[in-house]
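A quick write-up on the structure given underneath.
The values are calculated or read from the model by the stated rules, or taken from the named source; none is laboratory data. This is a predicted model, so every value here is computed, not measured. Using ideal geometry, Cβ is built from the backbone for each residue, glycine included, and neighbour counts are taken over all protein chains shown. The accessibility values were calculated without ligands, DNA or RNA, using every heavy atom of the protein model including side chains. Shrake-Rupley method; radii C 1.70, N 1.55, O 1.52, S 1.80 Å.
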Amino acid sequence: MSHPRGRDTQRSALYAAEAMVLSLFASERPTVELAGTSITLPPEGRFGSVESVRGYVDRVLARPSVRGRFPRADLPVAVRARRGDRSAHYESAPSPVIAVPESAEGRWALRELVVLHEVSHHLTEPGVVPHGPEFATTLVDLVADVLGPEAGFVYRVILTDSGIALS
């Protein structure tokens, strides 16, 4: 996928920050101390199949709060299996598709926060830097809407502490 609007300079830092978030949510402890605040993390959904991811994405895009905040929520996105196990990804052209690995080695990607990252690509207006400030803000806002304000707070703090610019 080509990205005509600038370099994706935040990509590595955003992925590193998200790795910290994912490890917090994978922890056995539901309560974390972050920015001087004790936060109880909401449970994160795990998926058993690409089909279950597809249903989840449809439900997220159908949420009135998501439709009200993100104009692109009205645009359907397909979900398909992806070969390989190293990443999930979003394709905007020729039509919107989220691809997630379903092999045993790729099951790490069948988790709610990974899917919300890909949905955030779909909801971010075309033509912006893929992991830039607009995307990062969409990700924080979407996580807060779907998983709750505590999860949004965790994302906002970790991303900004990692130097990720938000719009």
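Assorted remarks:
- Ligands, DNA and RNA left out, the accessible area of the range 110-167 computed with a 1.4 Å probe is 54% carbon and sulfur.
- At an R0 of 25 angstrom, the distance between the Cβ atoms of ALA78 and SER23 translates into a FRET efficiency of 0.25.
- Scaling the Cα radius of gyration of the chain by the globular reference 2.2 N^0.38 Å produces a ratio of 0.98.
- Label zone at ALA13 (point 7 Å along Cα-to-Cβ), backbone N below 17 Å, the range 119-137: 129-137
- Accessible area (Å², per residue) of the chain, counting only protein heavy atoms and a probe of 1.4 Å: 51 Å²
- The charge dipole of the chain, taken about its Cα centre with unit charges on the Cβ atoms of Lys, Arg (+1), Asp and Glu (-1) only, comes to about 320 debye.
- Working from Cα pairs under 8 Å separated by at least six residues, relative contact order for the chain is 28 percent.
- Applying both filters, DSSP loop and at most 16 other Cβ atoms within 10 Å, to the trypsin sites (Lys or Arg not before Pro) of the range 13-101 gives ARG83, ARG86.
- In nm, spacing of pseudo-spin labels at ARG59 and ALA35 (7 Å Cα→C-beta vector): 2.8 nm
- Linear extension gain, ALA165 paired with GLU125, 0.36 nm per residue minus alpha-carbon span: 12.7 nm
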